[in-house]
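Participant: Below is the structure I would like to discuss, written out as structure tokens.
The values are calculated or read from the model by the stated rules, or taken from the named source; none is laboratory data. Just so it is clear, the model here is predicted, and its values are computed rather than measured. No Cβ is skipped: glycine too gets one built from the backbone with ideal geometry, and neighbour counts run over all protein chains shown. Accessible surface areas use protein heavy atoms only, side chains included; no ligands, DNA or RNA. Shrake-Rupley method; radii C 1.70, N 1.55, O 1.52, S 1.80 Å.
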Amino acid sequence: MRKLFFLLIVFGIIAFLGFKYVRQSVSNDLAKPVSLPSSTPSPAPSLKQVKGAKSIDISQSLFVPYWAVGSDKIDAGDFKNILYFGITPGTNGINKTEAGYTGIDKFVASVPNGHRTELVIRMIDSNTNFAILKDQARQSSIIKDSISIAKENGFSGIVLDLEVSAVPFDSLIKQINEFTNRFYGEAKNKNLHFSLMLYGDSFYRLRPFDIKALSKNADSFLIMAYDFSKSRGNPGPNFPLKGKEIYGYDMARMSEDFLQFLPPEKTSVAFGLFGYDWTVDDKGSAASSGEAKTYQQIKKEFLNGCKHKDCDIKRKNDSVETEITYTDGDNKKHILWFEDLESVAKKKKYLQEKGINNFSFWAYSYF
């Protein structure tokens with residue numbers, strides 16, 4: 001009887017955790033860089049010309065997505081480290097017909113002299129990643145190809161963007177640990193710096209990542225502190241600095257969680273210079289998925305003179321981000337949240353007090 005009672009308790013806990021995960025996943029997208037269309041305005045203005053850019057340290061990193069690379073030199077401003085986003089796996093190793101790979105030559109040619117570059121491995125499809133994590137032969141091909149491509153094109157390092165949305169079963173966690181450990185070891189053997197990208201909400205949303213174990217599998221870590229409020233969820237900040245009582249989680253708690261296992265000198269926080277624009281009902285709940293907009297687009301449409309009715313622009317004290325409410329030409333109500341250089345500066349100040357002094361920005365052409 002005791003054994004039966006114990007088993008019922010265990011199954012009840014598993015069911016609760018599974019329900020919580022599914023509930024969160026249904027209303028939320030994966031926390032990943034937002035891939036806006038290639039028509040996104042480019043190139044970005046020099047960061048020296050952008051109001052608030054003086055808050056950006058010269059040692060910081062800038063993501064340059066393959067669709068934002070043009071024929072001109074990248075205007076990287078004071079950013080000395082440029083992350084090319086990037087290449088992605090195929091059925092056998094890296095996909096060499098995909099736009100990220102075929103665009104490498106153009107990227108290399110567009111990098112200004114004196115800038116360090118790193119190659120991002122885009123593993124952002126969960127289903128594909130599940131198959132790869134179960135197949136060591138495919139892993140070996142991906143690792144071998146990635147290192148070869150990085151060395152041939154003069155990259156100083158590799159950044160693994162491994163994104164998996166699933167219940168954190170021990171078997172999956174073990175697969176991730178073993179794959180990243182192999183990748184790290186082989187990259188180091190070729191004198192390449194190796195970094196792991198991690199969800200900013202890894203501790204909050206039951207992600208299948210053992211941060212303590214992963215802390216031994218990379219030279220540095222990039223925490224994606226953006227896309228906390230998902231396009232398929234309800235309106236909310238990109239990643240609030242504070243206000244977990246309202247939003248469920250915040251950057252203050254995030255930094256505490258990660259710094260339990262990661263030394264601050266190996267930790268970089270990545271900010272996203274974009275936002276989501278949701279059509280909402282009378283209660284402010286999302287009526288459809290949010291539309292991704294770059295900071296550059298938001299400035300043009302709202303900040304340099306709002307082009308809509310009932311436009312109300314407010315910076316929130318807790319999140320330090322800006323919320324815009326307005327009514328469109330079809331009399332539909334909207335809520336837009338976004339990150340800008342002012343909110344980034346406030347978040348950076350807080351994180352620097354915690355010992356984190358490395359920062360990355362998503363993405364070139366967005367601001």
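Participant: For Lys347, give me every one of the aspartates and glutamates with a C-alpha distance below 12 angstrom, ignoring sequence neighbours fewer than eight places off in its own chain.
Facilitator: Asp250, Asp318, Glu321, Glu339
Participant: Ser289 to Cys311: FRET efficiency via 1/(1 + (r/R0)^6), r the Cβ-Cβ distance, R0 22 Å, to the nearest 0.05?
Facilitator: So the FRET efficiency works out to roughly 0.50.
Participant: Also: Taking Lys307 as the anchor, which lysines have their alpha carbon closer than 16 Å to its alpha carbon, excluding any fewer than eight residues away along the same chain?
Facilitator: Partners within reach: Lys293, Lys299, Lys332, Lys333.
Participant: With bins 5 Å wide starting at 0, give me the P(r) of the range 212-367 over every alpha carbon pair, in whole percents.
Facilitator: Binned Cα distances yield the sequence 2, 9, 18, 21, 19, 13, 9, 5, 3, 1, 0.
Participant: Where both residues lie in the range 203-312, what percent of DSSP beta bridges are antiparallel, nearest 5?
Facilitator: 55 percent
Participant: I've got another one for you. Check Ser202: other-chain or 5+ apart residues with amide H under 5 Å from its amide H, H built from backbone geometry?
Facilitator: Those qualifying (amide H under 5 Å, at least 5 residues apart or on another chain) number zero.
Participant: Using all C-alpha to C-alpha distances in the range 146-199, build P(r) with 5 Å bins and read off the rounded percent in each one.
Facilitator: P(r) for the range 146-199, in whole percents per bin: 4, 18, 27, 21, 15, 9, 5, 1.
Participant: How large is the accessible surface per residue of the range 250-367, computed with a 1.4 Å probe and reported in Å² as a whole number?
Facilitator: Solvent-accessible surface per residue comes out at 42 Å².
Participant: Using θ = phi - 60° and the Karplus curve 6.51 cos²θ - 1.76 cosθ + 1.60, what whole-Hz ³J(HN,Hα) does each residue of the range 347-353 get, with Gly and Pro shown as x?
Facilitator: Per-residue couplings from phi come out as 5, 4, 4, 5, 5, 5, 5 Hz.
Participant: Using heavy-atom solvent-accessible surface (probe 1.4 Å) with all chains present, what is the largest-first order of Leu206, Leu133?
Facilitator: Highest to lowest solvent-accessible surface, that is Leu206, Leu133.
Participant: Quick one: ranking Trp67, Trp278 by accessible area, 1.4 Å probe, largest first, what do you get?
Facilitator: Largest accessible area first, the list is Trp67, Trp278.
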